[in-house]
Amino acid sequence: AGLWTVFTLGGVGSKSTTQLEQSSPLANQSLLLLLVLANLTDAPDTPNPYRQAIMAFKNTQDSSGLSASHPHAFQINFNSLYTALCEQQKSDQATLLLYMLLHQNSNVRTYVLARTDIENLV
């Protein structure tokens, strides 16, 4: 539930950034924390588990299931994620999350490119 709050940002829609931070400060801070954790450098002997999770999560409607090779993998509904990201593109944090997902997660990239309503995101 906490991670879902990060992706939906409290569903505040078209409010300005200051209104966004005031109406859902926990969601805003959670998203910032997720971005910081995912962008930490890897240790020489251990890869960043947060980055590994961002790179490996899959769609809940994907029938292939989770792979044992990615211990930090999880599933999320890509349709809900896409809708939330489309609604929050006025937020710098949401745009950075979208950028990171498109570049590091091939499952998200494939899903977004397959959408017919990509103009909502642009």
Where a residue in the stretch 26-44 is farther than 19 Å from Asn105 by Cβ and among the charged types (D, E, K, R) and its partner, wherever it lies, is in a helix (DSSP H, G or I) and open to solvent by 30 Å² or more (accessible area, probe 1.4 Å), with Cβ under 8 Å and at least six apart: none
Enumerated helices (runs of 4 or more DSSP H) restricted to the stretch 71-122, each holding at least 2 residues that are on the phi > 0 side of the Ramachandran plot: none
The stretch 81-111, residues that are small (Gly, Ala, Ser) and open to solvent by 30 Å² or more (accessible area, probe 1.4 Å): Ser106
Pairs where the first residue, in the stretch 104-122, is touching a residue at least 12 places away in the same chain (Cβ under 8 Å) and the second is aliphatic (A, V, I, L, M) and loosely packed, with under 13 Cβ neighbours inside 10 Å, C-beta under 9 Å, 6+ apart: Val112/Ile118
Filtered residues of the stretch 37-63 (kept if part of a helix (DSSP H, G or I) and open to solvent by 90 Å² or more (accessible area, probe 1.4 Å)): Tyr50
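The values are calculated or read from the model by the stated rules, or taken from the named source; none is laboratory data. What you are looking at is a predicted structure, and each value in this text was computed from that prediction instead of being measured. Cβ atoms come from the backbone with ideal geometry, glycine included; neighbour counts cover every protein chain shown. Keep in mind that these areas ignore ligands, DNA and RNA; they rest on the heavy atoms of the full protein, side chains included. Shrake-Rupley method; radii C 1.70, N 1.55, O 1.52, S 1.80 Å.
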